[in-house]
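To start, the structure under review is shown below, and the notes come after it.
The values are calculated or read from the model by the stated rules, or taken from the named source; none is laboratory data. Bear in mind that the values here come from a model prediction, so they are computed numbers and not experimental data. Because the Cβ atoms are built from the backbone with ideal geometry, glycine has one as well, and the counts that use them run over all protein chains shown.
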Amino acid sequence: MLRAATPERLSAFSDAVFAVLITVLVLDLRPPELPTYKAVLLLWPTWLSYAVSYLFIAIVWANNHHLMRYATTATPRLMWFNFAHLFSVSLLPLSTAWMAVSELAPQPVSFYAGVFFLVNGSSTKVSKGTRSARQDLTASNFRTELRTASCVERRLTLQIYRLTKDRGLMSS
């Protein structure tokens, strides 16, 4: 008889995906061609893109880790919501690299902001999937427990969007 999937396995798989994504993210960093601080400063779009993406992935991982602790079973619904969430997060290295090589051109920046919203939306679905996998919590108790966890992610998403929307969407 097959054993039921556990939230621990789902969490371990998610941890592995996040580790790979951070590794892929860092592989796009290149040292400056000249051994000067001025050469490092010329790469500021790349470093800024990397730093924001790393921070965002860290926050998303922490929220995902927090959410998975509440699940008592890994329902198919939770697994598929989590896969969708991991897919959306997997777009961050691509959007980060595109934004950095374009030196913060409008379209890559707006794509980057869109990825943030996709990650945020899929995170909300994982939260709902976790709630449905945990029948012993009332909806109000669950919302209270998760409010703090997702607050930072949503605020960062909104701030990134505010900073990028004019640059990305108001171009010719």
Hits in region 28-56 - residues which are over 16 Å from the mean Cα position of the chain (by Cα) and not hydrophobic (A, V, I, L, M, F, W, C): Asp28, Arg30, Pro31, Pro32, Glu33, Pro35, Thr36, Tyr37, Lys38, Pro45, Thr46
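Among the candidates Val60, Val26, Val52, Val20, which residue alone is modelled with pLDDT of 90 or more and closer than 16 Å to Asn120 by Cβ? Full working, then the answer.
Numbers: Val26 fails: closer than 16 Å to Asn120 by Cβ; Val52 fails: modelled with pLDDT of 90 or more; Val20 fails: closer than 16 Å to Asn120 by Cβ.
The unique qualifying residue is Val60.
For region 55-73, name all the residues that are among the hydroxyl-bearing types (Ser, Thr, Tyr) and surrounded by fewer than 16 Cβ atoms within 10 Å (Cβ to Cβ).
Step one: list which residues in region 55-73 are among the hydroxyl-bearing types (Ser, Thr, Tyr), which gives 70, 72-73.
Within region 55-73, Thr72, Thr73 meet the criteria.
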Just one of the numbered conditions (1) in contact with a His (Cβ under 9 Å, 6 or more places away or on another chain); (2) modelled with pLDDT under 85; (3) charged (D, E, K, R) is not true of Lys125; which one? (2)
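Of all residues being of a type outside the set (D, E, K, R) and under 15 Å from Thr124 (Cβ atoms) in region 69-82, which is nearest to the chain's Cα centre (by Cα)? Just the residue, please.
Initial filter on region 69-82 (of a type outside the set (D, E, K, R)): 70-76, 78-82.
From the residues that got through so far, the ones that are under 15 Å from Thr124 (Cβ atoms) too are 70, 78, 80-82.
On the way: Tyr70: 19, Leu78: 17, Trp80: 16, Phe81: 14, Asn82: 12 Å.
Here the residue is Asn82.
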For the list (1) surrounded by 17 or more Cβ atoms within 10 Å (Cβ to Cβ); (2) within 14 Å of the chain's Cα centre (by Cα); (3) at pLDDT 85 or above; (4) more than 24 Å from Ala4 (Cβ to Cβ), I need the number of the one condition that Ala149 fails. (3)
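Suppose we filter region 27-43 for residues that are in a helix (DSSP H, G or I) and exposed (fewer than 13 other Cβ atoms within 10 Å of the Cβ); how many remain? Spell out how you get there, then give the answer.
Initially, region 27-43 is screened for residues in a helix (DSSP H, G or I), giving 27, 37-41.
Subset that is exposed (fewer than 13 other Cβ atoms within 10 Å of the Cβ): 27, 37-39, 41.
Qualifying residue count, region 27-43: 5.
Restricting region 1-26 to residues that are loosely packed, with under 10 Cβ neighbours inside 10 Å and without any contact (Cβ under 8 Å) to a residue 12 or more places away in the chain, which is nearest to Ile57 (Cα to Cα)?
Step one: of region 1-26, the residues loosely packed, with under 10 Cβ neighbours inside 10 Å are 1-4.
When the remaining residues are screened for being without any contact (Cβ under 8 Å) to a residue 12 or more places away in the chain, the result is 1-3.
Details: Met1: 37, Leu2: 34, Arg3: 31 Å.
This residue is Arg3.
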